[in-house]
Amino acid sequence: MTQAFLAAEDDRFYVHPGVDWQGIARAVYSLVKTGSKKQGGSTITMQVARNFFLSREKTYLRKLNEIFLAFKIEQELSKDAILELYLNKIYLGQRAYGVAAAAQVYYGVDINSLSLPQIAMIAGLPKAPSTTNPITNPERALIRRNYVLQRMLLLSYITEDEYELALNAPISASLHSASIELEAPYIAEMVRSDLTDQQGDAAYSNGLTVTTTIRDKNQNAANSALRNNLLAYDKRHGYRGHEHHIEDIQNKTEKEIEALLKSFPTLGNLYPGLVTHVNEQSVSAYITGIGQVEINWQGLEWARKYISENRRGSKLKTAAEVLSPGDVIRLIETETGDWALSQIPNVEGGLVSLSPNDGAVLALVGGLISIKINLTV
């Protein structure tokens, strides 16, 4: 990993005093010759100075400060210590800071389990982490990865056989989100806010473990109780109609339908679905990642039209009274494994559970919205 980063970012790292005048000269020459900044002159030490102490603004004064700070850092720290700071701090796209985080985010593995092409992919990210990572732009990321491999071969970090094998390896990256063991985003935000008040931004990098009084059994019960009762309350007041309508869906492919549904995220256990066929007392709908599902009359007949807080329309006789092909709706899976029509509640609620002995918070739900958003601290 360190060899890959040195090959990509600063192959003279262990030689220069923090500033590589040869690299700066090459960058200036390239700028004068082409009129555009195609080659950077920043060393790894200069990047550490920028990441820890300076802003991202592109001014000559900031670059000058960066150079002086780089000299100071080199006087105070060893080369290995500087490289350690760099590899643990550098932003690598998709909210990943540091190589260990990038290994988890892009490949879902420990850093020591990465293959050579995966290492080269990560080492190619600092140049443009947001726009040239394998999730947002796999084509450009592949070009950058292959450049890193070429540099590693040129510097004799890898053999010709290793280079050829890695060069032909496909992109294996995919987004690996942090697993959420317990839905308690409001508590997580309270912890985050309290820690940053106490420690500032250091709270994000100090590797802290926080223990709260929340009990998972209580929190899960609170989440379920509030969600189910808000849905039931809203349902009793009638159906307010589809969220959106898409014309001419009969001529759209499954891939096009998937793309159209992307702008409607799953909220809690409410899945966005596109109505494809309407029968007399049943409906067919497409759900992203699940496919075609059927909603029978038992899952539809509740949907009498919402008129006001105290009034609903007459009982339904057919599915066509409430839905049409092209409607984007919300669907929920029942306990029996069937699918039923639902909707995002127009009502909110909250629940706090306290211990009567000492006032400890055992569960806290801020409403249905809180259950929709997963926040990891």
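The values are calculated or read from the model by the stated rules, or taken from the named source; none is laboratory data. Please read these numbers as outputs of a predicted model, since none were measured by experiment. Ideal geometry is used to build each Cβ from the backbone, glycine not excepted, and the neighbour counts take in all protein chains shown.
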Quiz item: Within the range 256-266, is even one residue at pLDDT 85 or above and over 27 Å from the mean Cα position of the chain (by Cα)?
Solution: no
Quiz item: Can you find a residue in the range 77-88 that is more than 21 Å from L175 (Cβ to Cβ), modelled with pLDDT under 90 and part of a helix (DSSP H, G or I)?
Solution: no
Practice problem: Scan the range 105-137 residue by residue and report those that are under 18 Å from R151 (Cβ atoms), among the small types (G, A, S) and assigned to a helix (DSSP H, G or I). | Solution: A120, A123
Quiz item: Would you pick out the residues in the range 196-255 that are basic (K, R), exposed (fewer than 13 other Cβ atoms within 10 Å of the Cβ) and not in a loop (DSSP other than H, G, I, E, B)?
Solution: K217, K255
Practice problem: For Y186, work out the one condition from (1) within 20 Å of the chain's Cα centre (by Cα); (2) within 30 Å of L149 (Cβ to Cβ) it doesn't fulfil. | Solution: (2)
Quiz prompt | Pair list, Cβ < 8 Å and 6+ apart or interchain, from the range 273-291 residues that are in the same structural domain as S263 (by TED's automatic domain parsing) to residues that are surrounded by 18 or more Cβ atoms within 10 Å (Cβ to Cβ) and charged (D, E, K, R) | solution = G273/R330; L274/D327; V275/D327
Quiz item: Can you spot a residue in the range 306-324 that is outside any strand (DSSP E or B), acidic (D, E) and more than 23 Å from the chain's Cα centre (by Cα)?
Solution: yes
Quiz item: Given V19, V48, V28, which one is β-branched (V, I, T), assigned to a helix (DSSP H, G or I), at pLDDT below 90 and more than 24 Å from P117 (Cα to Cα)?
Solution: V28
Exercise. Give the residue that is farthest from the chain's Cα centre (by Cα), with candidates limited to residues of the range 117-128 that are surrounded by 20 or more Cβ atoms within 10 Å (Cβ to Cβ) and without any contact (Cβ under 8 Å) to a residue 60 or more places away in the chain.
Key: P117
Quiz item: Of all residues in the range 352-367, which are in a strand (DSSP E or B) and either hydroxyl-bearing (S, T, Y) or outside the structural domain of S224 (by TED's automatic domain parsing) (or both)?
Solution: S353
Quiz prompt | In the range 336-354, the residues that are more than 21 Å from Q281 (Cα to Cα) and either out of contact with any Leu (no Cβ under 6 Å at 6 or more places or on another chain) or not small (G, A, S) (or both) | solution = I344, P345, N346, V347, E348, G350, L351, V352, L354
